[in-house]
Amino acid sequence: MSNDQSPEKEVYSAPAFADFKPELAAPGATPERLEHLREHGFVIINDFVDNPWIPTLREAGRRVTQACAPENGYDIIDCSKGYVHRAGENEPWAIRGIIHPAFKEPVFTEFYGSPDFTGFVKLWCGAEPEELVMTNILLWCNPRKKENRLGWHRDTTWWGTGKSYFSQEDDRGDGTEAYSEEVERIRWKEIQEDNEKRITDRKGVGMFLALADDECHELVVGSHSRWRTPLEHDVLLPKSMKDQGVPYTPSWNGTDPLPGQVAIRLKAGQALIRNGTTIHTGHTVPERERNTLSIGWSKWGGPSDEEPKVVDARFAWQLDPAVREALPHEWMKTAWDRWAANHKLGDRLEDRYAGFDIQRIKAGEVVGWRTELERQAAAAGDAWERYQTVSES
C-alpha cells in the first residue's frame with residue numbers, strides 16, 4: 001500500500017474580510033448605520049439573527065438549489081417558470097422565481113410579506129406595506145462542481161446615457177464615445193447625487209440576507225464615492241471597448257486582489273445592505289455553501305404616464321398572473337399590480353428565458369409560458385433563430 005498522498009486542493013479564500021460590528025447592532029436605519037453606509041458603501045446588519053424564519057428559509061433554499069441542478073431538468077420543479085443563472089456545466093448560481101408557485105416553496109412568499117420583514121422595511125424607510133411596489137427577490141447559491149467567479153463590476157451604468165440595459169440584448173448601442181472619460185465624468189456626477197439620495201430619501205431597501213454563513217460577496221471598500229483608479233478602469237472597461245480603442249492603462253493581470261478588496265462575511269441571519277455603485281463581484285467555491293436571499297421592497301412613486309415596456313428577461317417570470325395569485329396578502333397583490341403596470345412580456349425567447357431553457361425549448365420541450373412562441377420554437381428546433389418571433393403564416 002502506497003503512502004503517497006495527493007496534495008490537498010487549496011480552497012480559495014478572500015485576502016481580507018469585513019464582519020458585523022457590534023456597535024451597529026441597534027435596529028433599523030440608525031445614524032451610525034447610515035454613516036457607515038455613506039462612508040464605506042456597505043453596512044452589515046444583525047436584525048434577523050435568531051429569527052425563527054431563518055432555519056425554515058435555509059432548508060427551502062437548499063431544496064430549491066438541489067431541484068435546479070441540471071440533471072433534474074424540470075422533473076422536480078419547472079424552473080422554466082423562473083430565471084436561473086447557470087455557471088459551467090449548467091450549475092445554478094442565482095435563482096429567480098422562488099416566489100412563483102411552480103417552485104413549491106411558499107415560505108419565501110410568506111416571509112417576503114411577513115411582519116418581520118415588512119417591519120424592518122418600515123424601520124428603514126418609513127413605508128407601510130400599503131405604500132410598496134414589488135421589486136426583487138432571488139436566491140444566491142453556489143455551483144457544486146467548480147469554483148465560480150463573476151467579473152468585477154458596478155450595478156450602476158457608469159457609461160453612455162446611464163440608462164439601465166436589458167440582459168437579453170447583446171448590442172447595447174454603445175460606441176467608444178460612450179466610454180470616454182468626458183462622458184464617464186458626467187455619469188459619475190449623477191451617480192454621486194444618487195448616492196446621497198439613497199441615504200437621505202431611502203425610498204426602499206434591499207439586502208443580501210444570509211440563510212447560512214456566507215463570505216462570497218466581495219467589494220472594494222469606498223469605491224462608490226471616489227473616482228476610479230487607472231487599475232480599476234482597466235478592471236471595469238469591457239474588452240470590446242479596449243479592442244475598439246478606448247484609452248486605458250493596462251494595469252491588472254486578471255487575478256490579483258484589488259486594493260481595498262474585502263469579502264463580506266455574514267453569519268446566518270446577518271444581512272448586507274450596500275450601494276450598488278461599489279466595485280464588486282461574487283466568488284463561490286463548492287466547499288462553502290452559499291444560501292443567501294436578495295430581497296427588498298420599494299416605495300411606490302405613483303402611476304406612470306409611459307406605455308409599458310418590454311421587461312428585462314430576468315424578471316419576465318414575475319409577470320405571470322400565477323405569481324400574483326400566490327401572494328398571501330391583498331397589499332402584496334396591489335404591489336404586484338403597480339410593478340406589472342409598467343412592464344409587458346417580450347415576444348422572443350430571449351425576452352423570457354435563460355439560455356438553459358432556450359436550449360430545452362429548441363430541443364422540443366414546450367415549457368415556460370407555453371404560448372405559440374414556445375410551440376413554434378420547439379417544433380423548429382435548431383432552425384429557430386436567435387431573436388426570432390412567431391410566424392403568422
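Within the chain, which DSSP H helices have Cα atoms that stretch 30 Å or more along the helix axis and a mean Kyte-Doolittle hydropathy of at least 0.5? All intermediate terms of the calculation are to be shown ahead of the outcome.
Details: long enough: none.
For the chain, where a helix must reach 30 Å along its axis and average at least 0.5, there are no hits.
Relative contact order of the chain, taken over Cα pairs closer than 8 Å and 6 or more residues apart, is 25 percent.
Among Arg274, Arg62, Arg96, rank each residue by its count of other Cβ atoms within 10 Å, from fewest to most, as a rough exposure measure.
Final ranking by Cβ density, sparse to dense: Arg62, Arg274, Arg96.
For the chain, the Cβ-based charge dipole about the Cα centre amounts to some 280 debye (Lys, Arg positive; Asp, Glu negative; other atoms uncharged). Normalised by residue number, the volume inside the convex hull of the Cα atoms of region 218-258 is 82 Å³ per residue.
Scale the Cα Rg of region 347-393 by the rule-of-thumb value 2.2 N^0.38 Å and send over the ratio, two decimals.
0.95
Extents of the chain, largest first, come to 68, 61, 50 Å (Cα atoms, principal axes, whole angstrom).
Projecting the Cα atoms of Ala316, Phe120, Ile191 onto the charge dipole of the chain (Cβ charges, centred on the Cα centre) puts Phe120 farthest toward the positive pole.
Computed on region 347-393, with alpha-carbon pairs under 8 angstrom and 6+ residues apart, the relative contact order is 45 percent.
Using a Förster radius of 30 Å, what is the FRET efficiency between Ala26 and Arg149 based on their Cβ-Cβ separation? Nearest 0.05, please. In this case the efficiency is close to 0.30. Remark: region 199-241 is approximated by an ellipsoid whose semi-axes, taken from the C-alpha gyration tensor as √(5λ), come to 27, 18, 11 Å, largest first.
Take the convex hull of the alpha carbons in region 1-128; its mean projected area over all directions comes to 13.3 nm². Glu287 to Ile76: FRET efficiency via 1/(1 + (r/R0)^6), r the Cβ-Cβ distance, R0 30 Å, to the nearest 0.05? For R0 = 30 Å, the calculated efficiency reads 0.75. Of the residues Ile76, Ile95, Ile358, the one with the fewest other Cβ atoms within 10 Å heads the list, and the complete ranking is Ile76, Ile358, Ile95. In terms of Cα atoms, the Rg and Dmax of region 117-219 work out to 17.6, 46 Å. About its Cα centre, region 102-142 has a charge dipole of approximately 160 debye under the convention of +1 per Lys or Arg Cβ and -1 per Asp or Glu Cβ, with nothing else charged. Among the GluC sites (Glu not before Pro) in region 233-327, those located in a DSSP loop and surrounded by at most 14 other Cβ atoms within 10 Å of their own Cβ are Glu287, Glu306.
Ranked by how many other Cβ atoms sit within 10 Å of their own Cβ, fewest first, the residues Glu184, Glu365, Glu130 fall in the order Glu130, Glu365, Glu184. What separates the Cα centres of region 209-238 and region 106-175 is a distance of 16 Å. Diffusion of region 301-393 by Stokes-Einstein, at 37 °C in a medium of 0.692 mPa s and with Rh set to the Kirkwood radius over alpha-carbon pairs, works out to 226 µm²/s.
Each value in this text was obtained by applying a stated rule to the coordinates, not by laboratory testing. Note that this is a predicted model, so its numbers are computed, not measured. Note that each Cβ is placed from the backbone with ideal geometry, even for glycine, and that neighbours are counted across all protein chains shown.
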